[in-house]
Structure formats: structure tokens, C-alpha cells
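Here, each number is a calculation from the coordinates, and none is a lab measurement. Since the structure is predicted, the reported quantities are computational estimates derived from the model, not experimental observations. As a convention, Cβ positions derive from the backbone with ideal geometry for all residues, glycine included, and neighbour counts pool all protein chains shown.
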Amino acid sequence: MAKEFDLSVKVGALELKNPLIAASGTFGYGSEFADFVDPSSYGAIAVKGLSLNPKEGNPMPRIVETSAGMLNAIGLENVGLRRFIEEKLDYLRTLDTKVIANFFGNTVEDYAAMASCLSEVEGIHALEMNISCPNVKAGGIAFGTDPLLAAEVVGAAKKAANLPLIVKLSPNVTDIKVLARAVEEAGADAISLINTITGMAVNLDRQTPALANVTGGLSGPAIKPVALRMTWEALSAVKIPVIGLGGIVTGEDALEFLCLGACAVQIGTANFIKPLSVLDILSEIEHYLTAKGIGRVTDFIGTFRIP
């Protein structure tokens, strides 16, 4: 009898049954996709980004397709911390997968409060902080583009957290290595990258922006080469685990990030294109590695070499 293929991985202290994580903002709070695919198919689900209070987000239109992906300017719409705990967590607790609470804030105090509250809630296994948000007290500078501000906010969240803390990095920076090292030194247990790349689209018939917000975040296959490059650079700069994401729609896409050394990957825009993508990607990973005589996905992680 053939030995069962081992898809399990570790992200620091967080153990996942497979290396696929549903990316925040692309899989709702899990239940939204239940009619199409078993959410437990994922090794973990990073829920839609949470803030202390509910947020309405940006006006419509706020999603537009591009030739190789999509632009979104949702504006971080979410139900807020209290409603998430009261209305969304019960369902998530029924799933056979790990739950990662993605959160954001406008101030250092917001981040610390969110990290503290979410750490005390049963059914959450790790935290992912999105630092690609404007810092109100610093005149609109994004935490994720300033190493000193990034270190400050991550340090405050880490001090308040009792769960593994993943920091999600923005690609809209000059040198991702500087940001990666800054958050590592501040106490991050892992990093995930990349978040979306700022872009825009034009409605040519009306000669107006295609998005009401004018600009939005580009995701999907178009950004994979950039995501691979930044993942590789981050891996060279830090010792903490790195989670790769950006344009992954096939098993081979996922394996490219794992080959570089990413310990897990996140699947985002592919969920909109095909909700069953998680099953296809897992099957393709297993098929590819089995054909090469590799029985554990961890044996493939970090095999990338430059001749």
C-alpha cells in the first residue's frame, strides 16, 4: 500500500494540515464559500480584516477586472470586532482548520487593543496584522512603508498578543528587506507578503476612473513575478517563517513560493475565479511532488538554488 502523501507544514509554532491559507479579504469569514467548497479544505483561513469598530468601506464601484487579475478598493469593510466574535466565530469553530484573525488599525493603540482582545477569544489560532494602513497620528503615513513606524506598531501588538503574530507586508516600498528586518526585530513571529500593489483603471467610454476611489489594490496572476521576487528577498533578510502570496492560481504557482523557502502560501484572487481552486491546487502539488519521488511537502520547501 502506498504511503500517504504528507502535506502538513509548520509556520513557527502554528501547525497546518496543508500549506494553503485562504488570504484575508478573499474568503470572507468562511461561511460565504460553504455552498461551493468545504472551507476546511484549507490548512488555515485568514478572515476578512477586522477593526475595533465596523467599517463601511469605499463607495461603489470598488472592484474591476484587469487583463491578468483584478483591482479592488473595498476600503477594508468589515463587521467590527464585537460582531465578529458574536456572529462569525461560532461557525469558524466548527471547521477542521486553523483560524487566523487578520486585523488593522489607525493608531498603535488600535493595533495593541485588537491583538489583546483577539488573543483571548477561543477558536483563533494566530493573528495576522495588516500594517498597510494610514497612521492617523503621523499624518497619513502608512505603517507598512516606514521601518520605524512598522517596528513601533508591531512591538506594541506583540506585547499585547498571546498568539503567534504574523505581519503582512506591503509591496509598495523601496526595499522589502528593510521592512522585513524591522518587524522581525520588533517581535513578529512570521511575515506574509505581498499585499496588493497600488494601481488604477480607466473607464474609457466615460473618461473617468473605473474605481470610485480612483486607485486600488492590484492582485491576481499579474503580480506573481513581483511577489516571488519580494518573497525571495524577504527570505534572505530574516530568520522567521515567511508566508508567500500573490497571483497563486495553480499548484505549480504555489510550489514556486515553497521552493524559494516559504513555509506556506496564501490563495486570494483565485477564490473569486474558481472557489474550488484550493482542491485543484492541493491535488496538483501532490501530483507534482509524487512524480518526483517526494513524499512530504516539507522536503521540497527551500530547495531553490542559483546555479
query: Tell me, which residue of region 183-194 that is surrounded by 23 or more Cβ atoms within 10 Å (Cβ to Cβ) and not hydroxyl-bearing (Ser, Thr, Tyr) is nearest to THR66 (Cα to Cα)?
result: ILE194
query: Among the residues of region 297-307, is any buried (at least 21 other Cβ atoms within 10 Å of the Cβ), out of contact with any helix residue (DSSP H, G or I) (no Cβ under 6 Å at 6 or more places or on another chain), assigned to a helix (DSSP H, G or I) and in contact (Cβ under 8 Å) with a residue 24 or more places away in the chain?
result: yes
message: Considering only residues that are over 16 Å from SER192 (Cα atoms) and either out of contact with any helix residue (DSSP H, G or I) (no Cβ under 7 Å at 6 or more places or on another chain) or in a helix (DSSP H, G or I) (or both), which ones fall in region 126-146?
response: PRO134, VAL136, LYS137, ALA138, GLY139, GLY140, ALA142, ASP146
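Please verify whether ILE100 is closer than 17 Å to SER24 by Cα, free of Cβ contacts under 8 Å to residues at least 60 places away in the same chain and among the β-branched types (Val, Ile, Thr), treating the condition exactly as stated.
The answer is no for ILE100.
For residues that are farther than 15 Å from ALA270 by Cα and surrounded by fewer than 24 Cβ atoms within 10 Å (Cβ to Cβ), tally how many sit in region 16-29.
Here the count works out to 4.
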